[in-house]
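First the structure, in the form of structure tokens, and then the observations on it.
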Amino acid sequence: MKLYFKDFLLLLIYFPYRWLVQALPFQISYSMATLFGNIQYQVLPPHQKNRFFSHLDLIFGDKLDTQEKKTILRHFYVEKQKKIADLFILGRKDYENYLQTCSIEGLDYVDQVLSQGKGMIGLNFHFGFAHLIPPFALHKGYKKIIGFLVLQSPIKGVNPWVSRRILHIKHSIWKERGNFQIFSSLKSLTYLAIAQYQHLRQNYIVSAAGDGALGEKFTSVDFFNVKLKVPLGPALLSAKTGAAMVPNFVIRRKDNAHHIIFEEPIQVDNEEEETLKMAVQRYIQRLEHYVSRYPAHWGYWNRMEIEGFEGGIPLVRLVTRKPFET
Amino acid sequence: MSSLKQNQTLLKEEVFENLRTLLRNILNPEDMESLTLDTRLQEDLGIKSLDTVEMIIVIEKAFSIRLDSVDFTKVSTVEDLVNLILDQSRNGRGD
């Protein structure tokens, strides 16, 4: 019964709701998304709320009172719904109008890195509507950009027919608007790395996740009150190819448009463990800065676990929704 | 090694030996002693995704060819890799 409900809900979101978003003014879509996010917050089972609050305590310590934690949780679900609206808006014919409302800073860093001819690793995070960067860059005239996405295939716990329909919609919007390549199997991690390298050597901007839950080699770095376990992949790719990493963050403004920030480039000169760790620490510090300012933007609050302790400090692992069929 | 591009009749054994030398710098040298054409890259040598990238960088430079990620999906063993290098050399897919 629960499964049928999930199928029904997904069909409702990806068909009538998507059509509405494609027809209505942008702000009405965001109002609907806010309503759905608030409903989701209200009906959230207590054990899920408590898990979310315990993760906030783990990361922030005892800085937040109960009301602040509730506010972050509610905003988290509203932001989640708004990102679905963003995706559907990107699928609209007039999506360029939506991209025109975005503001930007640090674009000079992109030009500076690309002028070296070694490509650029566009380091994104599970923060805000991060996948907006490739469509936005294309809109700004950067034709050599490619996004990479690892998507669950098929969607867990969903009827295969429904799963195929939903994934087809998501894939087609991402491919059409952001030149995305989509990966969905374990072996793909190798092909993803090869595809990233091959585009870098053609001086492309390629996307990579700085706080991904997937990877083969990890390091632990300081993050608020914990040690965060994050993949070394982007730093290693930078060291092997000579391409600089440019961390980028997408922040939702009060008017629901996005502010895109490109941070100072990070170049990795060698593959020594300490060098790689320092590079990762540098961009995780930037993530920490933005998470402290916009906590509801970070997507991992309900997907983390303590793996162990390092010098008495909790070592936190970020958890994937298990997209790979092993 | 750069003569490979001109000499398209280079033997598989020669490519294999060159490959063994190249891989010695990337992978565990001990594994190279027991390397055969049947050795599986991921399962036997434990090659990770970014090792593959490094391997491609080294191979492309040494053999003056370009390897494509689509072609690489067919590569599972050392022999597959040798065949791919030979194919790319014959087709002249380099810069």
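Only the coordinates and a few stated rules stand behind these numbers; no lab work does. These numbers were taken from a predicted model, which means no experiment stands behind them. Here the Cβ is made from the backbone with ideal geometry for all residues, glycine too, and neighbour counts use every protein chain on show.
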*asked:* Helix B:49-63 against the longest principal axis of chain B: what's the angle in degrees, Cα atoms only, rounded to the nearest 10?
replied: 30 degrees
*Working from Cα positions, state the angle (0 to 90°, nearest 10) between the long axis of helix B:78-91 and the longest principal axis of chain B.*
10 degrees
*Of A:Trp301, A:Phe125, A:Ala85, which is farthest on the positive side of the dipole of the protein assembly as shown, counting Cα position, with +1 on Lys and Arg Cβ, -1 on Asp and Glu Cβ, and the Cα centre as origin?*
A:Ala85
*Name the residues whose placed amide hydrogens come within less than 5 Å of the amide hydrogen of A:Val150, ignoring near sequence neighbours (fewer than 5 apart) on the same chain.*
A:Phe183
*Over 19 Å between alpha carbons, listed pairs A:Lys63/A:Lys254; A:Lys217/B:Lys48; A:Lys277/B:Lys61; A:Lys63/A:Lys229; A:Lys83/A:Lys217*: A:Lys63/A:Lys254; A:Lys277/B:Lys61; A:Lys63/A:Lys229; A:Lys83/A:Lys217
*Ranked list, fewest to most other Cβ atoms within 10 Å of each Cβ, for A:Ile194, A:Ile104*: A:Ile104, A:Ile194
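When the Kirkwood hydrodynamic radius is evaluated over all pairs of different C-alpha atoms of segment A:1-142, what value in angstrom, to one decimal, is obtained?
Working: mean 1/r = 0.0558 Å⁻¹.
That comes to 17.9 Å for segment A:1-142.
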*With axes computed from alpha carbons, what is the tilt in degrees of helix B:12-24 against the longest principal axis of chain B, rounded to the nearest 10 within 0 to 90?*
50 degrees
_Taking the alpha-carbon distance from A:Lys144 and a cut-off under 16 Å, which lysines remain once sequence neighbours fewer than 8 residues away in the same chain are dropped?_
A:Lys118, A:Lys175
_For A:Lys240, give me every one of the aspartates and glutamates with a C-alpha distance below 13 angstrom, ignoring sequence neighbours fewer than eight places off in its own chain._
A:Asp269, A:Glu271, A:Glu272, B:Asp51, B:Glu54
*Putting +1 on Lys and Arg Cβ atoms and -1 on Asp and Glu Cβ atoms, find which of B:Asn28, A:Val250, A:Gly233 reaches farthest to the positive end of the dipole of the protein assembly as shown.*
A:Val250
*Dividing the convex hull volume of the alpha carbon atoms of segment A:73-230 by its residue count, what do you get in Å³ per residue?*
157 Å³
*How do A:Phe15, A:Phe125 line up, fewest other C-beta atoms within 10 Å first?*
A:Phe15, A:Phe125
*What nm value, rounded to one decimal, do you get for the distance between A:Gln112 and A:Ile39 when each label is placed 7 Å out toward the C-beta?*
4.7 nm
_Virtual spin-label span in nm between A:Glu307 and A:Leu58, 7 Å along Cα→Cβ_ = 1.2 nm
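How big is the Cα convex hull of the protein assembly as shown in projection, averaged over all directions, in nm²? List each step's numbers first, then the result.
Working: hull surface 89.5 nm².
Result: a mean projected hull area of 22.4 nm².
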*What is the calculated FRET efficiency for B:Asp71 to A:Phe218, with r their C-beta to C-beta distance and R₀ = 30 Å, to the nearest 0.05?*
0.50
*What is the P(r) of segment A:180-326, as percent of Cα-Cα pairs per 10 Å bin from 0?*
10, 37, 39, 14, 1
_Using DSSP H assignments, which helices in chain A have an axial alpha-carbon span of 18 Å or above and a mean Kyte-Doolittle hydropathy of -1.0 or higher?_
A:26-43, A:46-60, A:66-90, A:160-178, A:273-293
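Over all distinct alpha-carbon pairs, what is the Kirkwood Rh of segment A:161-233 in angstrom? If you can, show how the numbers build up before the last one.
On the way: mean 1/r = 0.0684 Å⁻¹.
For segment A:161-233, inverting the mean 1/r across all distinct Cα pairs yields 14.6 Å.
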*Provide the descending list of Cα extents for segment B:3-91 along its principal axes, expressed in whole angstroms.*
32, 26, 20
